[in-house]
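One structure is given below, encoded as structure tokens.
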Amino acid sequence: MSNTSVSYLRHRFPRLVISYAVWLYFRFSLSYRDVEGLLAQRGIGVSYETIRRWCRKFGQSYANQLKHSLACADDKWHLEEVRIVINGEVHWLWRAVNQQSLVLDILVQKRRHKRAAKRFFQHLLAGQGFVPRVLVTDNLRSYGTARREDDT
């Protein structure tokens, strides 16, 4: 993973070690100590605190690259909504997942109607940048009307 906008100057470890550690943390959702252990198995002695600082400094650019490279590969999305209660009020958690179980987008709203589905669908499409080939839903009618209105 090369990124020319971040500077690796004044770091003890080479760019490849830093990028590998940050990639491990963001790609596989490991803890800092897990990444420290994996690097130790390869003979690289680095503390979990150093990995934390690398992830804070370089992480956003790596996370953005991973999100776009992994999400664009899949053209089948699963959309669902779940009823949740927050502070005694009913809300709806809207979620989109690709075929590799990578969460594409999450949105919490108070309503579960056509306008709420359309808002979630627009939010999802704006974040991904393309329309999937297949949408798998739980047959909520709001998804169909939101998608038809979005296509026009």
- request: Could you calculate the contour length gain from residue 119 to residue 75, that is, 0.36 nm times the residue separation minus the distance between their Cα atoms, to one decimal place in nm?
  value: 13.8 nm
query: In the neighborhood of residue 81, defined by Cβ-to-Cβ distances under 9 Å, what is the net charge if each Lys or Arg adds +1 and each Asp or Glu adds -1?
result: +1
message: Give me the extension gain from residue 31 to residue 7: residue separation times 0.36 nm, minus the current Cα-Cα distance, reported in nm with one decimal.
response: 6.2 nm
Nearest-0.05 FRET efficiency for residue 108 and residue 65, computed from C-beta distance (R0 30 Å): 0.65
query: What net charge do the residues around residue 90 carry, taking every other residue with its C-beta under 15 Å from that of residue 90, with Lys and Arg at +1 and Asp and Glu at -1?
result: +2
- request: Could you work out how far apart the two model spin labels at residue 134 and residue 44 are, taking each label as a point 7 Å from the Cα in the direction of the beta carbon, and quote it in nm?
  value: 3.8 nm
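Throughout, read-outs are computed from the coordinates displayed, never taken from laboratory work. These numbers were taken from a predicted model, which means no experiment stands behind them. Please note: Cβ atoms are built from the backbone with ideal geometry, for glycine as well, and neighbour counts cover all protein chains shown.
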